[in-house]
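Following: one structure in structure tokens, then a few remarks.
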Amino acid sequence: MRRSAFVLSSILFAAGAISVCAQVAPSATARQLSLTAGGMVSIFQPDFAGEWTDQSPYYPVAQSSSYPLIGVGAYVDVKLSRWVQLEAEGRWQRFNQYNDIRQDNYLAGPRVPVYHFWKATVYGKVLGGFSEMTFDSDGDHGRFTDIAFGGGMDVKLTRRLSIRALDAEYQYWPQWGNATLSPYGASVGVGYRIF
């Protein structure tokens with residue numbers, strides 16, 4: 001009798017241990033959705049030095065400038081899942097102007113995390129939108145389609161705070177006067193994860 005009670009209890013104990021190891025459902029899941037907002041400082045080569053064509057109608061001429069534009073900006077990153085992320089940014093480049101030339105960018109689009117190591121995430125992005133530009137001190141200005149290709153690296157400092165260690169962009173303005181424009185530059189900043 002004792003022996004059969006021992007065997008029966010051993011079988012029940014083993015069956016219980018096997019069923020505990022066979023747990024299929026995860027014990028916890030991480031929330032995928034997050035929203036991060038931040039500010040940044042930028043330096044950009046505007047690709048315009050104030051030169052105009054000689055004949056009428058007068059068009060601005062694209063060329064490198066000796067005066068890079070410096071500005072401030074804001075960004076919002078929305079993480080829907082590991083691979084589905086969106087970014088929106090606004091940049092106002094108003095400092096270090098030559099001949100009152102300035103550029104403002106309003107862009108949004110997909111962002112893809114490429115590589116994650118330590119507390120850093122390297123990403124790539126393609127943004128689209130428009131840019132506004134003032135050409136000279138007379139107030140000549142325009143609004144232009146803007147496509148930006150870029151990438152960078154965010155480093156997480158705390159659960160909520162991160163540093164945008166580098167964000168580089170190459171912009172393409174397909175219709176700019178009678179030519180195209182290709183400003184490029186880099187930004188650094190600080191972000192705060194709202195949720």
Please order S42, S65, S56, S182 by the number of other Cβ within 10 Å, starting at the fewest.
-> S56, S182, S65, S42
Can you pull the three principal axis extents for the Cα set of the stretch 27-193, in Å, largest first?
-> 73, 25, 22
Using θ = phi - 60° and Karplus 6.51 cos²θ - 1.76 cosθ + 1.60, couplings along the stretch 115-122 (whole Hz; Gly, Pro as x) | 8, 10, 8, 6, 10, 10, 10, 8
Ranked list, fewest to most other Cβ atoms within 10 Å of each Cβ, for E169, E89, E132, E51 = E51, E132, E169, E89
Ranked T53, T121, T36, criterion: other C-beta atoms within 10 Å, fewest first | T53, T121, T36
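Read-outs throughout are calculated quantities, based only on the coordinates presented, and are distinct from any laboratory measurement. Fair warning: this is a prediction, and the values are worked out from it, not measured in the lab. With ideal geometry, Cβ positions are generated from the backbone for all residues, glycine too; neighbour counts draw on all protein chains shown.
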